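Before I ask anything, here is the structure I am working with.
The values are calculated or read from the model by the stated rules, or taken from the named source; none is laboratory data. Because the structure is a prediction, the values reported are computed rather than measured. Positions of Cβ are generated from backbone atoms using ideal geometry, with glycine treated the same way; all protein chains shown enter the neighbour counts. For the accessible areas, the whole protein counts, side chains as well, though only heavy atoms, and no ligand, DNA or RNA atoms are used. Shrake-Rupley method; radii C 1.70, N 1.55, O 1.52, S 1.80 Å.
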Amino acid sequence: MLELESDTLDPLDVQLLSALEVDGRASFSRIGAVLGVSDQTVARRYRRLCAEAGLRVVAVRDAERLGQDQWMLRLRCAPDGATVIADALAKRPDTAWIGLASGGTEIACMTRPRHSGDHDDLLLGKLPRTPSVVEIRAQQLLHRFYGGPTGWVRKFRALSEEQAAALRPAPPPEA
């Protein structure tokens, strides 16, 4: 088990983060009941984590479960073009995350195309024709060893199995 050393987070904060990782839609009262604190305490901690630690609860589709490809792109650009290209990639609905590297001349991003043709259009059509792009490297994610539904917070084992089971939402009906 990992030990958490933080000036911002205490054990209750880590339990709250773990609870939100199990079910990001769980109500404060349900989380409070599982953790043994009041819903007001959970709400106050949640607001503090949002304000001071940058907590955001977002929904991200699980591309692996949906059978969709994930691609890591690394683009080397002319120094004046990287920001414009990064902005354009960030506006695409299939871009999961994006970052500038190497003094602003490289872009690293993860794309999750919804259809195989979408990726071909980006990688073979649009990016090579962009004048500021000097080099494109693309790697497909073949297997995820850790992360996704079993994210980093669970490594701290802040919740017992019983607490995690009490927070876990009911499984969706089979399609």
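Which members of the stretch 86-115 meet the condition of being aliphatic (A, V, I, L, M), part of a strand (DSSP E or B) and in contact with a Gly (Cβ under 9 Å, 6 or more places away or on another chain)?
ILE107, ALA108
Tell me the residue from SER18, SER29 that is out of contact with any Ser or Thr (no Cβ under 9 Å at 6 or more places or on another chain) and of a type in the set (S, T, N, Q), please.
The unique qualifying residue is SER18.
For the subset of the stretch 61-85 comprising residues that are closer than 24 Å to GLU106 by Cβ and in a loop (DSSP other than H, G, I, E, B), which member is modelled with the highest pLDDT?
ALA78
Another question about this same structure. Across the stretch 133-175, which residue is modelled with the highest pLDDT among those that are loosely packed, with under 10 Cβ neighbours inside 10 Å and among the aromatic types (Phe, Trp, Tyr)?
That would be PHE145.
Something else now. How many residues are closer than 30 Å to PRO131 by Cβ, open to solvent by 60 Å² or more (accessible area, probe 1.4 Å) and in contact with a helix residue (DSSP H, G or I) (Cβ under 9 Å, 6 or more places away or on another chain) when one looks only at the stretch 55-77?
2
Out of the residues in the stretch 35-54 meeting the condition of being open to solvent by less than 60 Å² (accessible area, probe 1.4 Å), at pLDDT below 95 and more than 14 Å from ASP10 (Cα to Cα), tell me which one is farthest from the chain's Cα centre (by Cα).
Only one residue fits best here, namely CYS50.
Something else: Quick one: would you say LYS126 is closer than 22 Å to VAL14 by Cα and at pLDDT below 85?
Answer is no for this residue.
Quick check on my filter: what residues within the stretch 86-104 are at pLDDT 85 or above and open to solvent by 70 Å² or more (accessible area, probe 1.4 Å)?
ASP87, LYS91, TRP97, LEU100
Could you please let me know if ASP80 is open to solvent by 60 Å² or more (accessible area, probe 1.4 Å), within 30 Å of SER132 (Cβ to Cβ), touching a Lys or Arg at 6+ places or on another chain (Cβ under 9 Å) and touching a residue at least 24 places away in the same chain (Cβ under 8 Å)?
no
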